[in-house]
Amino acid sequence: MNKLTVIIGLCLVVLVVAAAVLLLPPRVNAPTQQDQEPTSFIECAAMGYPVAESYPRQCNSPSGGNFVEDIGNALDKIDLIQVMSPQPSDTISTPLIVIGEARGNWYFEASFPVSVVDAAGQTIGQGYAQAQGEWMTTDFVSFQSIPIEFTAQPSGSMGKVILHKDNPSGLPENDDQLEIPIVF
């Protein structure tokens, strides 16, 4: 009799659970895996998917998507100029202060121009970075920009911070720049 009671009790529990599942209304706005598939590194990381701490960072979605962080041309310029803040994909606000180090030949008279551009490439703010030490060298010299004010942008929109090699000659072959993709 004791076994029969247990079996009947288990059957009743199964029936109640099955009835509850079948009778509950479906969730109309329930997200599906396809709805949650990211389309960029930033979306992938924001959704909490694993991010490999490589350089550039990479994010993998469950469906096999691999998204590589846009770091601009930082790898191409790493032996000339390096920025500690802001980093690629950082969210920035006004006023912006840029901190890093550059080889002495990136400067002229101990400074170089810095600009902030929106997603369309339009300049929305500009200023300059100042050497924090003796700049007449081929070694790296620390710099910090003045506070750069820029026009407010829609939250989450993309842009770039551009650090221009100072080029008093005006000759195109002496131009160079580091581009850092950012989020407003």
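Residue-wise test of (1) in the same structural domain as Thr138 (by TED's automatic domain parsing); (2) crowded, with 19+ Cβ neighbours inside 10 Å; (3) under 19 Å from Thr138 (Cα atoms).
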{"site": "Tyr55", "(1), (2), (3)": "no, no, no"}
{"site": "Cys59", "(1), (2), (3)": "no, yes, no"}
{"site": "Asp79", "(1), (2), (3)": "yes, no, yes"}
{"site": "Pro88", "(1), (2), (3)": "yes, yes, no"}
{"site": "Val98", "(1), (2), (3)": "yes, yes, no"}
{"site": "Asn105", "(1), (2), (3)": "yes, no, yes"}
{"site": "Phe112", "(1), (2), (3)": "yes, yes, yes"}
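Just give me the residues in the range 161-175 being in a loop (DSSP other than H, G, I, E, B) and either of a type outside the set (Asp, Glu) or surrounded by fewer than 18 Cβ atoms within 10 Å (Cβ to Cβ) (or both), in sequence order. Once the filter is applied, which keeps residues that are in a loop (DSSP other than H, G, I, E, B) and either of a type outside the set (Asp, Glu) or surrounded by fewer than 18 Cβ atoms within 10 Å (Cβ to Cβ) (or both), the range 161-175 yields Lys165, Asn167, Pro168, Ser169, Gly170, Leu171, Asp175. Counting only strands (runs of 3 or more DSSP E) that sit completely within the range 73-142, those holding 3 or more residues that are of a type in the set (A, V, I, L, M, F, W, C) and under 21 Å from the mean Cα position of the chain (by Cα) correspond to 81-85, 111-118.
In the range 100-112, the residues that are touching a residue at least 24 places away in the same chain (Cβ under 8 Å) form Cβ pairs under 9 Å with partners that are surrounded by fewer than 18 Cβ atoms within 10 Å (Cβ to Cβ) and β-branched (Val, Ile, Thr), at six or more places apart or across chains, as follows: Arg103/Thr137; Arg103/Thr138; Gly104/Thr137; Gly104/Thr138; Asn105/Thr137; Asn105/Thr138. Sub-7 Å Cβ pairs linking a first residue in the range 152-163 that is in the same structural domain as Val98 (by TED's automatic domain parsing) and modelled with pLDDT of 95 or more to a second residue that is hydroxyl-bearing (Ser, Thr, Tyr) and part of a strand (DSSP E or B), at least 6 apart or interchain, are Ile162/Ser115, ordered by first then second residue. On the basis of being at pLDDT below 95, charged (D, E, K, R) and surrounded by 15 or more Cβ atoms within 10 Å (Cβ to Cβ), does Glu69 make the cut? Yes, satisfied.
The values are calculated or read from the model by the stated rules, or taken from the named source; none is laboratory data. Quick caveat: nothing in here was measured; it's all calculated off a predicted structure. As a convention, Cβ positions derive from the backbone with ideal geometry for all residues, glycine included, and neighbour counts pool all protein chains shown.
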